[in-house]
Structures are given as C-alpha cells and as structure tokens.
Amino acid sequence: MSVDAQGPVVIITGAGKGLGKAIAAEVIGKGGRVVLVVRSEAAASALSGEFGSNCTVVTSDVTAPGAAEAAIEAGMKRWRKVDGLVNNAGLIDPIARIADTDPAQWEAVITTNLVAPYRFTHAFLAQVPNTAPRRIVNISSGAAHQPLEGWNAYCASKAGLAMLTHSTGLEYAHENVFAFGLLPGVFDTDMQATIRASGVNEVSRLPRTALRPPEEPARATAYLLSGAGDDLSGGEVNIRDAGFRSRVGLPQL
C-alpha cells in the first residue's frame, strides 16, 4: 500500500452525504486526504468510488465503541498521520416538548452529538504528541446558545459541544492544538427536511429558498483546517459574520 504524506489527513464523521461529504470534497480539493466515517456499506462504497485514493472509509456508527480509535488507526495505517478532525455527525430528532419526547431517543441525540465528539476528540488528542499543528472543527449551531421550542435535546447537545470546544482550546493550546466550533448557518440538508416536516418553531417555517448551500460551511471548515484561522481557536466562529465570510471568500449575506 502506498503512503502519501503530502497534504493534511483529516477525519470527518457523518461523511456519507450533506455537509460531511461537502467538507471531504473541499479538503481533497485543497490537496488533503480524508478518513470518512459513515454508517452504511453502500455509502462507503459510493465515497470510495468518488474520492478514490484520496480517502479511506471506516464503516461504523460514531457511537459504537472503538469507532474513534478505528478512524485514527485507518489514517495512520494509510498515511502515517492524522492532522485534523471534523465532528460533523449529528441527530435532531426527537423534535417535541420535553415531556412528549422518548427518553431513549433523547439520550441518543446526546450520545451522537456530544459523547461521540468527545470520544473522537479524546482519541485524536491521545496520539503521540508531535510538533506539527493539529486542528479540530466541531460543527456547532446557533441552537447551542439559544433555546428553540421542541429542540431541547439538540440544543442541550450542541451547548455541551460548544463547551467541549472551549475546553479543548484551553487545555491544549500549548500543545499546538487548535479547536473551533463552527456555526454553519441554516443550509440545505436532509436534516432541514426533517425540521420543515415537524412544523415546530420558526426554523421549520423557513422556505427552502432561504437555505444556503452546504458548500459554504464546507469551505469555512476547510479554511479553519488550513491554519488560516488559527487566531480564532478556542471559541465559536459564526459563518454569518461579515468579517469571517470575507476571510473565507464567501459572498456577503
């Protein structure tokens, strides 16, 4: 098996479609390599066919024991390094008032949106330290900072993820680790279809024409992984911020 150390190697969770796949395309387009974590064999086969030698795929639910370690191992085996991590996989259901939710579903959101990112971050940081910079982008949400009716599980999980980002930045800045939480805005994905179908809170009533393309947060993520935004490490970055959009090269809103 050939080893190509050129360009960064980035683990991306929830990479089967939507934002995760768009991020993979951006990273590869800028000369990187990716370890893609997906749940289905069909998605794994499709991604391998599309991205070829620039990717390796780990088929696993992000909540499965050992999933994070398997992703690290895959990157190390193929390219002998892992430089970046994008915690993108996420759930939003159940959308309901607290007393109307199913506890098992509620807990699954916390496990997927918060516990799994912790596990991947833990495995990523536990690698043998080296002098090369390492970068983590957690896909955050405005829901981390403001409650929305029916989104109690999602809001709680994203609030926890935001604090995980802050904690990572605080504890590992001296080890050349840069951590970011990206607020990606409202963009067009399958999750948005679920939100619209719920009819709960104002976000569900946004017309599809109001949604931004996933390529915008994908470009923003690749920008943060590149090192160009290292001065923003340790906190949350809002894609709607005019100054940040200008830095990334995105059109103004």
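Measuring r between the beta carbons of residue 252 and residue 69 and using R0 = 41 Å, the FRET efficiency lands at 0.45. Extending 7 Å from the Cα toward the beta-carbon at both residue 111 and residue 127 defines two label points whose distance is 2.7 nm.
Taking a ≥ b ≥ c as the square roots of the eigenvalues of the alpha-carbon gyration tensor, the stretch 50-172 is classed prolate because a/c is 1.5 or more and a/b outweighs b/c. Highest GNM mean-square fluctuation among 52, 14, 142, for the chain modelled with Cα contacts below 10 Å: 52.
Put a dot 7 Å past the Cα of residue 163, heading toward its Cβ, do the same for residue 146, and the two dots end up 2.2 nm apart.
Among 12, 98, 72, the largest mean-square fluctuation in a Gaussian network model of the chain (Cα springs under 10 Å) belongs to 98. Axis of helix 67-79 versus longest Cα principal axis of the chain: the two differ by about 30°, to the nearest ten degrees.
Relative to the dominant Cα principal axis of the chain, helix 18-29 is inclined by about 30°. For the stretch 113-152 versus the stretch 229-253, the spacing of their alpha-carbon centroids is 18 Å. Residues of the stretch 147-185 with an amide N closer than 15 Å to a point placed 7 Å from the Cα of residue 241 along the Cα-to-Cβ direction: 166, 179-185.
Read the figures in this text as sums done on the coordinates, not as results from a lab. Keep in mind it's a predicted model, so treat the numbers as computed, not measured. Glycine also receives a Cβ, built like all others from the backbone with ideal geometry; neighbour counts cover every protein chain displayed.
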